[in-house]
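As structure tokens, the structure follows; a few thoughts come after it.
Laboratory data are not the source of any read-out in this text; all were calculated from the coordinates shown. Note that the structure is a prediction, hence the values are computed from the model and not measured. Glycine also receives a Cβ, built like all others from the backbone with ideal geometry; neighbour counts cover every protein chain displayed.
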Amino acid sequence: MSDALRALYQEVILDHYKRPRNWGRLPQPTGHADGHNPLCGDRLSVDVQVEGDRVADIRVEGQGCAISVASASMMSEALKGRTVSEVTSLFDRFHEVVTGRADAEAAPLGKLAVFAGVAEFPARVKCATLAWHTLRAALDTRSGAVSTE
Ligand code: ZN
């Protein structure tokens, strides 16, 4: 990754950290989950509104480091309006890229590619994926499944 690209990615992450999108609660969510990353202290709550098989709306609330908050903010933008199965496949690709098992270019992620650099810092992977794991748990509560997170 070039220094210029790295600087741009840093800027995008800071922007989402300072002004996180889709922040707050939904009035009547169809699913909700709380996520905690004890390694860093990040705590995020995710509300989802599922209509049919589509994730119509997402809200996130909580506190955490720049990576966890920016990841939650960008996740909410990227996933709104997607089907539940699209969300699952995007989660898998995102997870592969932040853990360094796939190249960002090989797994097209759009703006979410800014988190590819996290692969160099294994301790931050949990920060980058906390919102995603919490979202998955929120989607599961809808069907009555129990999450261990
Ligand atoms: Zn963190």
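For region 97-116, indicate whether the set of residues that are among the small types (Gly, Ala, Ser), within 16 Å of the ligand (Cβ to nearest atom), crowded, with 16+ Cβ neighbours inside 10 Å and outside any strand (DSSP E or B) is non-empty. Don't jump to the end; show me each part of the working.
From region 97-116, those among the small types (Gly, Ala, Ser) are 100, 102, 104, 106-107, 110, 113, 116; that's our starting set.
Narrowing the set further to residues that are within 16 Å of the ligand (Cβ to nearest atom) leaves none.
Within region 97-116, not a single residue is among the small types (Gly, Ala, Ser), within 16 Å of the ligand (Cβ to nearest atom), crowded, with 16+ Cβ neighbours inside 10 Å and outside any strand (DSSP E or B).
Inspect region 67-79 for any residue being away from the ligand (no atom under 16 Å from the Cβ), touching a residue at least 12 places away in the same chain (Cβ under 8 Å) and among the acidic types (Asp, Glu) and give the result as yes or no. Lay out the reasoning, then the answer.
Our first condition is that a residue be away from the ligand (no atom under 16 Å from the Cβ); within region 67-79, this holds for 76-79.
Narrowing the set further to residues that are touching a residue at least 12 places away in the same chain (Cβ under 8 Å) leaves 76-79.
When the remaining residues are screened for being among the acidic types (Asp, Glu), the result is 77.
Checked region 67-79: at least one residue is away from the ligand (no atom under 16 Å from the Cβ), touching a residue at least 12 places away in the same chain (Cβ under 8 Å) and among the acidic types (Asp, Glu).
Using beta carbons and a limit of 9 Å, which pairs, at least six apart or on different chains, have the first residue in region 85-100 and under 18 Å from residue 127 (Cβ atoms) and the second one loosely packed, with under 15 Cβ neighbours inside 10 Å and of a type in the set (Lys, Arg)?
Partner pairs satisfying both residue conditions: 95/101.
Of the residues in region 31-60, how many are in contact (Cβ under 8 Å) with a residue 40 or more places away in the chain, touching a Gly at 6+ places or on another chain (Cβ under 9 Å) and more than 16 Å from the ligand (Cβ to nearest atom)?
Number of matching residues: 4.
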